[in-house]
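The values are calculated or read from the model by the stated rules, or taken from the named source; none is laboratory data. It should be emphasised that the depicted structure is a prediction, and the values quoted were computed from it without experimental measurement. Neighbour counts run over all protein chains shown; Cβ positions are idealised from the backbone, glycine included. The accessibility values were calculated without ligands, DNA or RNA, using every heavy atom of the protein model including side chains. Shrake-Rupley method; radii C 1.70, N 1.55, O 1.52, S 1.80 Å.
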Amino acid sequence: MTDRHFDELATRFAEKIYGGAKGAIRLAVLQADLKEALPERPLRVLDIGAGLGHMSLWLAQRGHTVTLAEPAAPMLDGARQRFAEAGVEATFIQAPWQELLGQFNQPFDLVLCHAVLEWLAEPHAILPVLHQLTAPGGWLSLAFYNKDALIYRNLLKGHFRKLRKAQFAGEKQSLTPQRPLDPRELAAQLAEHWTVESQSGVRVFHDYMPSAFQAKAELADLLAMELEHRRHPTFAGLGRYLHWICRPL
C-alpha cells in the first residue's frame, strides 16, 4: 500500500465532499473548534494536505498567514484559484508531507492535518514530522477518518461478513479512505509528544440518517444539531471523522 493522492480525482472530490451537507458540516465543526481554541492574534499556519484550500482560506480571511502544502497539482491549482477569487494571499507548496521538513526557517503556530492520515500507507510515520513542524506552545488540528464509525455503519447495514474480514479499504477509484484510524491506537501514538485538549465528532448523526430524512432536513438545522452534539459523551465518538486539537508537550 502506498500514500494516496488525488491528481485525477480532484474535481470529483470537490463535488462530493463540499457540494452538499457533508462538507458544510465538516467545515462548521472544524471552524467552531478552532474559534474556541485559538487566540485573537495572527498566527503562522501550515495546512498539510490542504486540498482545495477551504480551511486555509477561512483562516487567511481571519488574518492568519497561511502556507498550503498539497501533493496533487489539480488540488493545489484549485486552491490557488479559490484564493485568487477571494483576493487573499498565501504561500502554495506542491509537496507531500515527507518533503516538508527543512523547507521552513521556523515551526508554525498552527498545523492543520485534516483527512490526511487515512490516505497514508503508514499513518503513524507522519506524527514526528507534525511535532517538528509545530512550534512550542502551538496547536495541531488533527482530523481523521474514524474506524469506530465505519464499523458501526457496517453493523447497521448488516455487513457482518465484511466486518469479520476487516475489509475497510476503499476501492482504487473510490473516495472511501484506504486506512481508517482506530482512535485508541492513535491516542496512544500521540501520547508521548502531545496533549489532546479537545475532541469533537464530525457528522455524529448525519451519515446515519435515512436518505429520505437527509433530503428533508434543512441545512441550518443539521449544522445546529451537529454543532450542539459534536462533543456529547455518547455521540462524539460516532462521528464519521474525529477532530482533535493537540498541544505539544
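Under 5 Å between amide H atoms, partner at least 5 residues away or on a different chain: which partners does Asp109 have, H built in plane at 1.01 Å?
Arg44, Ala135
Residue by residue through region 179-184, what is 3J(HN,Hα) from phi via Karplus (6.51 cos²θ - 1.76 cosθ + 1.60, θ = phi - 60°)? Round to whole Hz and write x for glycine and proline.
Computed from phi, the couplings for region 179-184 are 9, x, 9, 7, x, 6 Hz.
Non-local amide H neighbours of Phe6 (under 5 Å, H modeled in plane, Pro and chain starts lacking H): which ones?
Ala72
Would you mind finding the longest exposed-site-free stretch of the chain, with exposed GluC sites (Glu not before Pro) meaning DSSP loop and at most 15 other Cβ atoms within 10 Å?
90-170
Mind checking the dipole of the chain: about its Cα centre, +1 per Lys or Arg Cβ, -1 per Asp or Glu Cβ, Debye to the nearest 20? Spell out each step's value before the answer.
Values: 27 positive and 27 negative charges, 181 e Å.
Its charge dipole is roughly 860 debye.
Quick one: accessible surface of Tyr152, probe radius 1.4 Å, all protein chains present, in square angstrom to the nearest 10.
90 Å²
Tell me the carbon and sulfur percent of the accessible area for the chain, rounded to whole percent, probe radius 1.4 Å.
It is 50 percent, rounded to a whole number.
May I ask you to evaluate 6.51 cos²θ - 1.76 cosθ + 1.60, the Karplus curve with θ = phi - 60°, for each residue of region 88-105 and list the ³J(HN,Hα) values in order in whole Hz, giving x for glycine and proline?
So the Karplus estimates, Gly and Pro as x, are 10, 9, 7, 9, 10, 10, 8, 6, x, 4, 5, 9, 7, 4, x, 8, 10, 6 Hz.
Using DSSP to call loops (not H, G, I, E or B), can you name the trypsin sites (Lys or Arg not before Pro) in region 32-65 whose Cβ has at most 16 other Cβ atoms within 10 angstrom?
When the trypsin sites (Lys or Arg not before Pro) of region 32-65 are filtered for loop state and at most 16 Cβ neighbours within 10 Å, Arg62 remain.
Excluding residues fewer than 8 places away in the same chain, name every one of the lysines whose C-alpha is closer than 25 Å to that of Lys35.
List returned: Lys22.
Over the chain, what is the relative contact order in percent, taking alpha-carbon pairs closer than 8 angstrom and at least six residues apart? Display every interim value, and only then the final one.
Values: 423 pairs, mean separation 51.9, N = 249.
Relative contact order of the chain: 21 percent.
Which whole-Hz ³J(HN,Hα) couplings does region 62-70 yield from phi under the Karplus relation 6.51 cos²θ - 1.76 cosθ + 1.60, θ = phi - 60°, glycine and proline marked x?
Rounded to whole hertz, the list is 8, x, 8, 8, 10, 10, 9, 10, 8.
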